[in-house]
1. Mind checking whether some residue in segment 93-113 is among the aliphatic types (A, V, I, L, M) and within 30 Å of Cys24 (Cβ to Cβ)?
2. Kindly evaluate Glu83 against the criterion of being within 23 Å of the chain's Cα centre (by Cα) and modelled with pLDDT under 90.
3. Please determine whether any residue of segment 66-81 is of a type in the set (Asp, Glu) and in contact with a strand residue (DSSP E or B) (Cβ under 9 Å, 6 or more places away or on another chain).
4. Please count how many residues of segment 29-63 are assigned to a loop (DSSP other than H, G, I, E, B) and surrounded by 10 or more Cβ atoms within 10 Å (Cβ to Cβ).
5. Pick from Leu69, Leu98: which is at pLDDT 90 or above, surrounded by 11 or more Cβ atoms within 10 Å (Cβ to Cβ) and part of a helix (DSSP H, G or I)?
Amino acid sequence: MRKHFVGVIAKKVSNSRDCANPDCEKPFTPRVYNAIYCNAECRKIITNRKVLQRYYDKKARLTSRRICLSDECNTVLSRYNQEDICEQCKRERLVMRLVGWGWDEAKVRRDFK
């Protein structure tokens, strides 16, 4: 009795990833499943960059006069409003989204009053 063995081609699973730092992008093998940076230095660079960006965004929000980005609205935004649109435009956008999902427009507008 002769047995024929057909070999199974095993795919080599590479755990190598590219570093999420756009300045680095070196391939690396992660030690944990959720690693996105190749080393602590790359992680520190990106973290500091994000912290500085949030600082400058907040500074611009607090020191400049901002106007609602909606086309028909010219409301001056409060320094405490973190979004780029006013609450009235945000509410209108939500109402239109709910109407698009099949909700009754009159009932939604009445409930938002």
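The values are calculated or read from the model by the stated rules, or taken from the named source; none is laboratory data. The structure presented is a predicted model; accordingly, all values stated were derived computationally and were not measured. Here the Cβ positions follow ideal geometry from the backbone for every residue, glycine too, while neighbour counts run over all protein chains shown.
1. So far as segment 93-113 goes, no, none of its residues is among the aliphatic types (A, V, I, L, M) and within 30 Å of Cys24 (Cβ to Cβ).
2. Yes.
3. no
4. 7
5. Checking each option against the conditions leaves just Leu98.
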